[in-house]
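Enquirer: What follows is a structure written as structure tokens; I'll ask about it next.
Nothing in this text is a laboratory measurement; each read-out follows from the coordinates by a stated rule. Computed from a predicted model, the values in this text were never measured in an experiment. Cβ atoms come from the backbone with ideal geometry, glycine included; neighbour counts cover every protein chain shown.
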Amino acid sequence: MNDQFSAEHSPRKLIIAIDGPAGAGKSTIASRLARKLGYINLESGAMYRALALQAIENDVSFDDETALLALAQKSRIQLEPTRDGNRTLLNGHDVSPRIRERDVTEAASRVSVHPAVRAWMVARQREMGEGGGIVMEGRDIGTKVFPDADLKIFLDADPVVREQRRMEQHKIKGEVAANLAADLRERDHRDRTRAASPLMAAEDAVVIDSTALDEAEVLAKVEALAAERLHP
Ligand code: DC
């Protein structure tokens, strides 16, 4: 890390928002940037996933907004930043691997369409991040959670490339790969077209298209932007 970039030499503790669709590389970039800056990385999607798991376990319909809100209010959803991403605790239990499974992934996209659920999540996410020194990733961080964030990145990539990345990540092929691609497309569509806070770039977000960029190239761009904000 060069001196110019060093967060230690800056009194400012930035709020950095990274939004974008699934498979664009948000998680990797957010956690690597946070590590470099000595910031906390918060994956807001893990909170929707934890609520989705609660709904599955309590037999609550993904379409029942009132019941989902009540469930959220009585759940303890905690994100614990670690070197390799967030550990997610639900009522004190580590549910990190479980919430990445297919049924929860699909359910998370469905429970996140409800305005009351979103309002509850947004309030929690603001509490977690308001002190700054965070990189928060999700779908609505720059538009709704922190509309005054110091830096907003919208990380996008061609859908075919995002699907390929996901498959490589999960080392899968054949029929399972076809299912994953179909799931991702459906989730994408739902995230972008829902009425409440659809996935979109904030007006003042820097849009980075990672279709033809590797991880190091994206990280370099994001680091340069953070350095500008730290030492204007
Ligand atoms: O980022 P992720 O794949 O873990 O997110 C899971 C789901 O949660 C995703 O389908 C959309 C939703 N989500 C959201 O609506 N708003 C966020 N800030 C983060 C995630």
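Enquirer: Mean-square fluctuation check for the chain, GNM, Cα pairs under 10 Å: which of GLY131, GLY20, GLY85 is largest?
Expert: Sorting by GNM fluctuation, first place goes to GLY131.
Enquirer: Then there's this: If you fit an axis through the alpha-carbon atoms of helix 102-111 and take the longest principal axis of the Cα set of the chain, what angle between them do you get, 0 to 90°, nearest 10?
Expert: Around 90 degrees separate the two axes.
Enquirer: Grab the beta carbon distance between VAL206 and VAL160, set R0 = 22 Å, and tell me the FRET efficiency rounded to 0.05.
Expert: 0.40
Enquirer: Does anyone have the angle between helix 44-57 and the longest principal axis of the chain? Alpha-carbon axes, 0 to 90°, nearest 10?
Expert: 10 degrees
Enquirer: First measure r as the distance between the Cβ atoms of GLU228 and ARG192, then evaluate 1/(1 + (r/R0)^6) with R0 = 30 Å and state the FRET efficiency to the nearest 0.05.
Expert: 0.55
Enquirer: So what's the angle, to the nearest 10 degrees on a 0 to 90 scale, between helix 215-230 and the longest Cα principal axis of the chain?
Expert: 60 degrees
Enquirer: Going by a ≥ b ≥ c, the root eigenvalues of the Cα gyration tensor, does segment 107-232 fall in the rounded group (a/c under 1.5), the prolate group (a/b larger than b/c) or the oblate group?
Expert: Cα axes put segment 107-232 in the oblate bin.
Enquirer: Please rank SER109, SER31, SER75, fewest neighbouring Cβ atoms within 10 Å first, as an exposure proxy.
Expert: Ordered by Cβ neighbours within 10 Å, fewest first: SER75, SER31, SER109.
Enquirer: Compute the longest continuous run of the chain that contains no exposed GluC sites (Glu not before Pro); treat a site as exposed when its DSSP state is not H, G, I, E or B and it has at most 14 other Cβ atoms within 10 Å.
Expert: Maximal segment without exposed cleavage sites: 1-100.
Enquirer: Still on this structure, I have one more. Only sites in a loop by DSSP and with at most 14 other Cβ atoms within 10 Å count here; which trypsin sites (Lys or Arg not before Pro) in segment 102-188 make the cut?
Expert: LYS171, LYS173
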